[in-house]
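Shown next, in structure tokens, is the structure this report addresses.
Just so it is clear, none of the values below were taken in a lab; they were calculated from the coordinates. Because the structure is predicted, anything quoted here is derived from the model rather than measured.
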Amino acid sequence: MHRDGTQILLEKVISENPNEFAYARHLGELKWISDSEVALIDEDNDGMVSINLENKINY
């Protein structure tokens, strides 16, 4: 989602076993790091997965 609420890209960034305990650790805050990069920060705030949307957005 873009900051204005529109979906700009849907892409898998994490793959995990279909088990609540396996993926729950990834659930945390979704935060914009820059105008083109967004990160999923884990619930303990000690790890993250990010994706750079630059070159992936077609306006």
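The table below gives the values:
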{"quantity": "Long-range amide H partners of residue 38 with built H, under 5 Å", "calculated": "33, 51, 53"}
{"quantity": "Linear extension gain, residue 55 paired with residue 11, 0.36 nm per residue minus alpha-carbon span", "calculated": "14.5 nm"}
